[in-house]
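**Student:** Here's a structure for you.
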Amino acid sequence: MLFRSVFGSFIHIGKTFRIDARLVKTETGEIFKTASVEGKPNEIIALAKKLTLKISKNLDVDVKKAEKQKLEKLGQDDIPIEALALYGDAMAKLNNEMYEDASVILAQAVTMAPNFRQAQDLLTTVRPHTL
(Lines give C-alpha, C1' and ligand atoms only; values in the text may rest on other atoms or scores of the structure.)
Protein backbone atom coordinates (compact mmCIF):
# COMPACT_ATOMS: atom_id res chain seq x y z
CA MET A 1 0.00 0.00 0.00
CA LEU A 2 1.33 3.43 -0.93
CA PHE A 3 0.80 6.33 1.40
CA ARG A 4 0.77 9.85 0.09
CA SER A 5 0.89 13.16 1.89
CA VAL A 6 0.26 16.74 0.88
CA PHE A 7 2.75 19.39 1.92
CA GLY A 8 2.48 23.03 1.16
CA SER A 9 3.58 26.54 1.78
CA PHE A 10 2.41 30.05 1.20
CA ILE A 11 4.16 33.34 0.72
CA HIS A 12 2.92 36.91 0.78
CA ILE A 13 5.14 39.41 -1.00
CA GLY A 14 3.82 42.87 -1.66
CA LYS A 15 0.49 42.54 -3.46
CA THR A 16 0.97 38.87 -4.36
CA PHE A 17 -0.08 35.80 -2.38
CA ARG A 18 1.13 32.40 -3.55
CA ILE A 19 0.17 28.92 -2.34
CA ASP A 20 2.24 25.87 -3.31
CA ALA A 21 1.35 22.21 -2.78
CA ARG A 22 3.47 19.09 -3.18
CA LEU A 23 2.13 15.55 -3.17
CA VAL A 24 4.71 13.17 -1.76
CA LYS A 25 5.00 9.39 -1.67
CA THR A 26 5.53 8.91 2.05
CA GLU A 27 7.55 5.70 1.74
CA THR A 28 10.17 7.18 -0.60
CA GLY A 29 9.95 10.95 -0.11
CA GLU A 30 9.43 11.29 -3.87
CA ILE A 31 7.49 14.36 -4.96
CA PHE A 32 5.13 13.09 -7.64
CA LYS A 33 2.83 16.08 -8.24
CA THR A 34 3.02 19.81 -7.61
CA ALA A 35 0.59 22.68 -7.99
CA SER A 36 0.68 26.43 -7.34
CA VAL A 37 -1.68 29.36 -7.49
CA GLU A 38 -1.10 33.11 -7.19
CA GLY A 39 -3.37 36.04 -6.56
CA LYS A 40 -4.13 38.89 -4.22
CA PRO A 41 -4.00 38.37 -0.44
CA ASN A 42 -7.71 39.15 -0.08
CA GLU A 43 -8.50 36.26 -2.46
CA ILE A 44 -7.07 33.52 -0.22
CA ILE A 45 -10.28 31.45 -0.10
CA ALA A 46 -10.69 31.61 -3.88
CA LEU A 47 -7.03 30.63 -4.28
CA ALA A 48 -7.48 27.66 -1.95
CA LYS A 49 -10.50 26.51 -3.99
CA LYS A 50 -8.56 26.88 -7.22
CA LEU A 51 -5.61 24.93 -5.81
CA THR A 52 -7.91 22.15 -4.57
CA LEU A 53 -9.41 21.71 -8.04
CA LYS A 54 -5.98 21.91 -9.65
CA ILE A 55 -4.61 19.16 -7.38
CA SER A 56 -7.68 17.00 -8.04
CA LYS A 57 -7.19 17.39 -11.78
CA ASN A 58 -3.47 16.53 -11.47
CA LEU A 59 -4.44 13.32 -9.69
CA ASP A 60 -7.06 12.46 -12.29
CA VAL A 61 -9.71 12.62 -9.57
CA ASP A 62 -13.21 13.34 -10.80
CA VAL A 63 -14.69 16.00 -8.54
CA LYS A 64 -18.42 15.43 -8.46
CA LYS A 65 -20.90 18.25 -8.93
CA ALA A 66 -22.03 18.11 -5.27
CA GLU A 67 -18.40 18.34 -4.10
CA LYS A 68 -17.78 21.33 -6.38
CA GLN A 69 -20.86 23.02 -4.93
CA LYS A 70 -19.56 22.48 -1.39
CA LEU A 71 -16.22 23.91 -2.46
CA GLU A 72 -17.95 26.96 -3.95
CA LYS A 73 -19.75 27.58 -0.64
CA LEU A 74 -16.43 27.56 1.20
CA GLY A 75 -15.65 30.99 2.56
CA GLN A 76 -19.14 32.42 2.07
CA ASP A 77 -19.76 32.54 5.81
CA ASP A 78 -17.66 35.72 6.11
CA ILE A 79 -15.48 34.14 8.76
CA PRO A 80 -12.26 36.14 9.11
CA ILE A 81 -9.08 34.32 8.16
CA GLU A 82 -7.79 35.03 11.67
CA ALA A 83 -10.68 33.03 13.18
CA LEU A 84 -9.96 30.17 10.78
CA ALA A 85 -6.29 30.26 11.83
CA LEU A 86 -7.33 30.11 15.50
CA TYR A 87 -9.52 27.11 14.69
CA GLY A 88 -6.52 25.39 13.11
CA ASP A 89 -4.40 26.17 16.17
CA ALA A 90 -7.09 24.70 18.41
CA MET A 91 -7.20 21.53 16.31
CA ALA A 92 -3.43 21.17 16.74
CA LYS A 93 -3.82 21.54 20.51
CA LEU A 94 -6.56 18.90 20.52
CA ASN A 95 -4.33 16.51 18.58
CA ASN A 96 -1.88 16.86 21.47
CA GLU A 97 -4.66 16.45 24.06
CA MET A 98 -4.19 20.03 25.28
CA TYR A 99 -7.89 20.57 25.95
CA GLU A 100 -7.63 23.68 28.12
CA ASP A 101 -5.46 25.49 25.57
CA ALA A 102 -7.78 24.42 22.75
CA SER A 103 -10.80 25.68 24.69
CA VAL A 104 -9.22 29.11 25.19
CA ILE A 105 -8.29 29.39 21.51
CA LEU A 106 -11.73 28.26 20.34
CA ALA A 107 -13.36 30.85 22.63
CA GLN A 108 -11.22 33.50 20.91
CA ALA A 109 -12.31 32.27 17.48
CA VAL A 110 -15.99 32.36 18.49
CA THR A 111 -15.61 35.86 19.94
CA MET A 112 -14.00 37.01 16.70
CA ALA A 113 -16.58 35.25 14.50
CA PRO A 114 -19.87 34.58 16.35
CA ASN A 115 -21.31 32.82 13.26
CA PHE A 116 -18.43 30.33 13.10
CA ARG A 117 -20.57 27.27 13.75
CA GLN A 118 -17.79 24.67 13.59
CA ALA A 119 -15.80 26.54 16.25
CA GLN A 120 -18.89 26.86 18.44
CA ASP A 121 -19.67 23.15 18.14
CA LEU A 122 -16.11 22.11 18.86
CA LEU A 123 -15.91 24.44 21.86
CA THR A 124 -19.07 22.85 23.25
CA THR A 125 -17.48 19.43 22.80
CA VAL A 126 -14.11 20.38 24.31
CA ARG A 127 -15.26 22.34 27.38
CA PRO A 128 -16.30 19.27 29.43
CA HIS A 129 -12.74 17.94 29.07
CA THR A 130 -11.35 21.05 30.75
CA LEU A 131 -13.18 20.56 34.06
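The values are calculated or read from the model by the stated rules, or taken from the named source; none is laboratory data. Quantities reported herein were computed from a predicted structural model and do not represent experimental measurements. All Cβ positions, even for glycine, are placed from backbone atoms using ideal geometry, and neighbour counts span all protein chains on display.
Listed here are the residues, each with its yes/no results for (1) in a helix (DSSP H, G or I); (2) at pLDDT 85 or above; (3) hydrophobic (A, V, I, L, M, F, W, C).
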| residue | (1), (2), (3) |
| --- | --- |
| Thr52 | yes, no, no |
| Lys68 | yes, no, no |
| Asp78 | no, no, no |
| Leu86 | yes, yes, yes |
| Lys93 | yes, yes, no |
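**Student:** In a helix (DSSP H, G or I), out of contact with any Leu (no Cβ under 8 Å at 6 or more places or on another chain) and modelled with pLDDT of 70 or more, is that true of Ser56?
**Tutor:** yes
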